[in-house]
1. Let me confirm something: among A:228, A:236, which residue is within 14 Å of chain B (Cβ to nearest Cβ) and within 23 Å of residue B:62 (Cβ to Cβ)?
2. Suppose we filter region A:264-306 for residues that are of a type in the set (S, T, N, Q) and within 24 Å of residue A:411 (Cβ to Cβ); how many remain?
3. Cβ-Cβ distance below 7 Å, separation of 6 or more or different chains: which pairs start in region A:365-379 with a residue that is open to solvent by 30 Å² or more (accessible area, probe 1.4 Å) and end on one that is in a helix (DSSP H, G or I)?
4. Given (1) surrounded by fewer than 16 Cβ atoms within 10 Å (Cβ to Cβ); (2) closer than 19 Å to residue A:168 by Cα; (3) not aromatic (Phe, Trp, Tyr), identify the lone condition not met by residue A:37.
5. For region A:373-391, name all the residues that are among the charged types (D, E, K, R) and in a strand (DSSP E or B).
6. I'm trying to understand the selection: among the residues of region B:49-77, which are within 12 Å of another protein chain (Cβ to nearest Cβ) and in a helix (DSSP H, G or I)?
7. Would you confirm whether or not region A:60-77 contains a residue that is within 14 Å of chain B (Cβ to nearest Cβ), among the acidic types (Asp, Glu) and open to solvent by less than 20 Å² (accessible area, probe 1.4 Å)?
Amino acid sequence: MMTIIQRLFMEACDRKDQIILQDLKEQWTYAEVMTEAYLIALYIKKNFELEAGSHLAVYTNNEPLFITAALGIQFSGHVLIPVPYSASLTEIENILQASDAKLVISKYAQPARLNRHIYWVTAQDFSQEPVPSFESISLTNPSDPNSCAILLPTSGTTGQSKIVMLSHENVLTNALAHGRKVGYTDQDSFLVTMPVHFSSTIVTQLISCMLFGTRIRLISLPLLPRTAFRLFQDKAVTAFSAVPTQLMHFVSDYHQTTNWSAFDSIEFIVISGAPIPAKLVDNLQTVFPQADIIQTYGLTEASPRVSMMDRGERCLSCGSPISDVSIRLVDEEENEVEGAAIGEVWVKGPNVMLGYYNNPELTNATIVDGWLKTGDLGFWNESGCLIITGRKKNIIISGGINIYPEEIEEFLYGLKEVEEVMIVGVHDDLLDEVPIAFLKVCEECLIDLDALTQHCNLHLSSYKVPRQWRIVDDIPKTKTGKLDRASTKCLLLNE
Amino acid sequence: MSKSIEFILRDEIFAELDIKYPDDHNTPLLDQGIDSVGFIKLIVSMESKFNISIPDEDLLFEKFSTTGLILNYLTETTI
């Protein structure tokens with residue numbers, strides 16, 4: 001087994017003059033990316049006395065500097081901490097502190113209001129240095145492939161730190177397995193639409209593309225649909241990954257003008273972050289008629305990919321596990337469930353994280369005998385594919401009956417008037433909890449709530465029918481585009 | 001000119017998007033709770049209210065990260 005940089009450098013030696021990275025203005029070959037990264041490594045070594053394996057943060061928008069800085073950190077034998085570019089200053093301070101960051105690499109100078117004393121390196125600093133030749137790059141004192149390579153602050157970082165430690169082996173095996181299953185080739189050109197600090201962006205997009213010679217199109221955020229559409233129209237992109245929210249924006253913007261014809265250069269779209277409603281898949285077929293929709297399942301703690309659909313598969317699910325990864329579905333007594341029963345998803349394989357940084361208690365509670373307890377619930381369908389039904393912690397227990405909010409949401413998404421929906425549980429004196437619905441209604445649609453309740457009564461068990469409907473302009477989301485159930489529940493509690 | 005730009009930004013764009021308009025022009029909008037979708041809405045709304053088209057290469061969080069930067073950008077673009 002190799003380290004991330006050993007493996008990527010090997011690929012770069014084979015594909016030296018091939019273009020691997022492109023933004024809106026420029027493009028870079030493997031050799032250019034590697035020499036730029038090596039320059040950053042040399043600059044850090046020359047100017048800072050850091051112990052091997054120090055934690056260095058990268059704070060950038062979606063831009064080439066993220067890749068060169070991240071690789072530079074790997075060349076130096078240090079550990080990468082990707083800091084969300086959309087984080088507030090307080091969040092940045094918390095992340096830098098909790099992860100024991102020694103230095104930050106960014107395009108710009110340290111924000112004046114950032115209340116932390118830390119080495120801060122900008123692109124300007126090392127742009128003065130002479131660029132080394134590709135041939136001069138030497139990989140000395142490689143790290144242990146089982147040591148930590150990346151520290152990832154996960155979403156929901158409130159209170160105690162929850163920073164995932166991924167090893168070189170975690171990252172490389174996952175990037176390779178994902179890339180093989182999705183079928184990246186050196187003829188593909190992949191548009192990154194998600195922020196670079198996501199584990200799925202780093203591992204299954206940036207690193208995976210570099211392992212398979214797939215050109216990375218990296219464009220600063222915010223990515224407006226029209227910017228992506230121009231690339232699609234010019235057939236400059238063959239694939240991309242997105243969260244469902246982003247795809248909803250794509251579909252609605254596509255239909256708002258008559259400027260665009262179907263984007264038939266897109267061969268596959270990888271869905272991550274949240275389950276995709278079936279209605280959205282139908283809508284995507286109009287916009288991207290040639291594209292395979294590949295739904296995936298993963299979590300940062302699993303590097304992140306666990307399972308995914310095969311190319312060409314039409315039946316929507318989270319597919320089968322990627323190579324070398326095993327899944328068990330277990331009940332409350334931790335026994336494997338039988339048949340199509342719902343159980344908690346446990347994952348084992350080379351993708352299971354080293355643990356949470358500085359949090360052995362949480363690590364020990366999460367990884368038991370090598371099995372990662374994901375807290376997600378799912379079942380195997382008749383084709384042996386994984387269906388995720390929801391988060392264990394999202395369950396609404398109403399009169400002792402488990403209600404999966406995601407199931408009711410999926411049902412409501414089937415209605416043409418419903419653009420977005422979120423179901424949360426609220427306290428009820430009698431039943432403990434009952435479901436209520438937040439609805440965003442499609443533009444120019446009127447919705448008759450009595451008729452809606454009747455429709456639900458007809459198709460859903462009575463305990464699943466929302467007791468209350470709230471029409472809202474926007475469904476609350478977290479920064480990663482997921483439904484923000486937690487803060488919505490808090491708001492409801494305070495009413 | 002600049003005052004009317006700020007009026008549109010504060011009383012029309014920010015008000016319609018339900019974003020709190022900060023007292024200090026240097027307050028990062030990210031600290032006001034605006035997220036990536038919020039930024040996209042902000043840009044689309046600015047384009048429509050001021051009848052401008054922001055070129056792709058200007059579409060960076062950091063160009064619009066405070067109301068001060070937005071006002072400068074709009075002043076330069078709309079004059």
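1. From the options A:228, A:236, the qualifying one is A:228.
2. 6
3. Within 7 Å, the pairs are A:373/A:366.
4. Unmet for residue A:37, out of (1) surrounded by fewer than 16 Cβ atoms within 10 Å (Cβ to Cβ); (2) closer than 19 Å to residue A:168 by Cα; (3) not aromatic (Phe, Trp, Tyr): (1).
5. A:373, A:376, A:391
6. B:56, B:57, B:58, B:61, B:62, B:63, B:64
7. yes
For (1) of a type outside the set (D, E, K, R); (2) not in a loop (DSSP other than H, G, I, E, B), each residue gets a yes or a no:
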| residue | (1), (2) |
| --- | --- |
| A:246 | yes, yes |
| A:263 | yes, no |
| A:283 | yes, yes |
| A:289 | yes, no |
| A:307 | yes, yes |
| A:313 | no, no |
| A:318 | yes, no |
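The values are calculated or read from the model by the stated rules, or taken from the named source; none is laboratory data. Computed from a predicted model, the values in this text were never measured in an experiment. Reconstructed Cβ throughout: ideal geometry from the backbone, glycine too, with neighbour counts over all protein chains shown. Accessible surface is based on the protein model in full, side chains and every heavy atom, while ligands, DNA and RNA are left aside. Shrake-Rupley method; radii C 1.70, N 1.55, O 1.52, S 1.80 Å.
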